Amino acid sequence: MTAAKTAAADAGFVEFDRVQKSYDGVSLVVKDLNLKIGKGEFLTMLGPSGSGKTTCLMMLAGFETATHGEIKLAGRNINQVPPHKRGIGMVFQNYALFPHMTVGENLAFPLEVRGIAKSDREAKVIRALDMVQMGRFAGRRPAQLSGGQQQRIALARALVFDPELVLMDEPLGALDKQLREHMQFEIKGLHDRLGITVVYVTHDQGEALTMSDRVAVFNDGVIQQLDAPAELYERPKNSFVAQFIGENNKLPGMIEALEGQKALVRLATGELIDATAVNVREKGQQTLVSIRPERVEFKPEMMPAGAHTIGAEVRDVIYMGDILRARLAVAGSDGFVMKMRNTLGQTRLAAGQKIQIGWHPQDARALDPM
Ligand code: ADP
Ligand code: MG
């Protein structure tokens, strides 16, 4: 995120202040949510199904009411403001276009609801359709369009009344992979060009990492970590985030020594490894050490001086074009993955080969298993 955007985030264009939500009056599906979203920011709520993402978006849109706490937009409490008076555009996974209306009528509808004069509607509709390269389709009905085209119309409809804030709930979930990646690019482009604030919901971590300024990782109605994509990937703050974002090797062990951030971990099989202490506090504590496959080294010259290494046996090596992916047996378990760049002269590894592996301590993170 740029410095300007960081400052905007501090200002809090959208603000959830101690927000809770219960549907049944007993269990909280959103627990004490505190979140400020900056003007012009692209913020993604990422998490598994049932973690409370849609509920948060629905409360912001005004279709659900918070059980406790305040939701603010541009500094104003909007708890009592009805959805159509919040000036928020919305896009859902299932498009929700009106089937009996043409594309043009679908887009004119939100303008009509907002009391925009008929004479002004046409120009706005054309402009919104042009934004999504659908200018020629104003006369068609939704059923005459492909899924990807329908989703573009839904996007245009959310933008047609020039909202400052647009909410998107799994908008690309129904599209195939190639189209989804293309639309991610287009949505990001619209966000940058129009300077709108976007709150985006997805359970797809790749989508969250590629599109967002910041990502709020949800689990069980609680934000586990709120950070820029690179920060989330490189420095997960707990074992949930480490497991949810990207691929990770996990080695269980016990803290043998702790000196500031420097942790020495004894694995269940007895070996010692180096790690960085994240949310572990004391010697003797159980830990899960998490290491990205691309940060594992097996060449001695790549290892930092004095680093502990451990023995591994190569199970298989898969050629994946740009990278090689080796599956290793490490500390009594078979599923340890090491990724290597496929460069000319790359040392070939073969199944059954015994090697020593290690890493820079900053790339191995000692986490509380809970
Ligand atoms: P997500 O979008 O992350 O999948 P949701 O916000 O849809 O999560 O759901 C969070 C929890 O609230 C789930 O346990 C879900 O079953 C429950 N829930 C969602 N909507 C309703 C509703 N209208 N009535 C009762 N429970 C609901
Ligand atoms: Mg949802």
Counting sequence-distant residues (5 or more places) and residues on other chains, those with an amide H built under 5 Å from that of Gln93 are Asp169
Given charges at beta-carbon only (K, R positive; D, E negative), |dipole| of the chain in Debye: 600
Can you pull out the GluC sites (Glu not before Pro) in the range 266-370 that DSSP calls coil and that have at most 12 other Cβ atoms within 10 Å? Glu282
For the chain, give the percent of accessible area contributed by carbon and sulfur heavy atoms, probe 1.4 Å, rounded to a whole number. 52
Whole number in Å², please: accessible area per residue of the range 48-157, 1.4 Å probe, ligands, DNA and RNA not counted. 50
Filtered hits (lysines, Cα-Cα < 16 Å from Lys85, offset >= 8 within chain) -> Lys72
Dimensionless Rg ratio for the range 247-367, taking C-alpha atoms and the 2.2 N^0.38 Å reference: 1.05
Here the Cα Rg-to-2.2 N^0.38 Å ratio for the range 63-117 is 1.42
Rounded to two decimals, what is the ratio between the C-alpha radius of gyration of the range 182-294 and 2.2 N^0.38 Å? 1.32
Furthest towards positive pole of dipole, Ala312, Val337, Phe298, structure part the range 247-367, Cβ charges: Val337
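For the range 1-152, divide the Cα radius of gyration by the Kirkwood radius and give the resulting Rg/Rh value with two decimals. Each step should come with its number before you reach the end.
On the way: Rg = 18.1 Å, Rh = 17.8 Å.
Dividing the radius of gyration by the Kirkwood radius yields 1.02.
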If you build a Gaussian network model of the chain, linking Cα atoms that sit under 10 Å apart, which residue out of Ala138, Ala242, Ala61 swings the most? Ala138
Electrostatic dipole magnitude of the range 209-274 [Cβ: Lys, Arg +1; Asp, Glu -1; Cα centre; debye, to 20]: 100
Please give the per residue accessible area of the range 247-367, computed with a probe of 1.4 Å over protein heavy atoms only, in Å². 52
Between Leu159, Gln353, Gly40, whose Cα lies farthest towards the positive end of the dipole of the chain when Lys and Arg beta carbons carry +1 and Asp and Glu beta carbons carry -1, centred on the Cα centre? Leu159
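Determine, for each peptide in 103-110, 234-241, 187-194, 322-329, the mean count of other beta carbons within 10 angstrom over its residues, then list the peptides with the highest first.
Most protected by this proxy first, the peptides run 103-110, 234-241, 322-329, 187-194.
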Measure out, as a whole number of angstrom, how far apart the alpha-carbon centroids of the range 26-46 and the range 211-266 sit. 19
In whole angstrom, note down how far apart the Cα centers of the range 183-206 and the range 70-111 are. 17
What's the angle, to the nearest 10 degrees (0 to 90), between helix 177-194's Cα axis and the longest principal axis of the chain? 60
Karplus 3J(HN,Hα) series, Hz, for the range 243-251 with 6.51 cos²θ - 1.76 cosθ + 1.60 (x for Gly, Pro): 7, 7, 9, x, 9, 9, 8, 10, 10
Taking a probe of 1.4 angstrom, what is the accessible area of Asp204 in Å², to the nearest 10? 50
In whole Hz and in residue order, list the ³J(HN,Hα) couplings for the range 32-40 that follow from phi through the Karplus curve 6.51 cos²θ - 1.76 cosθ + 1.60, θ = phi - 60°; x for Gly and Pro. 6, 7, 10, 7, 10, 10, x, 5, x
Mind pulling the per residue volume of the convex hull built on the Cα atoms of the chain? Å³ is fine. 178
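The values are calculated or read from the model by the stated rules, or taken from the named source; none is laboratory data. Keep in mind the model is a prediction, meaning the values are calculated, not measured. Quick reminder, even Gly has a Cβ in these numbers, built from the backbone with ideal geometry, and neighbours come from all protein chains shown. Note: accessible area is taken over every heavy atom of the protein model, side chains too, but ligands, DNA and RNA are not part of it. Shrake-Rupley method; radii C 1.70, N 1.55, O 1.52, S 1.80 Å.
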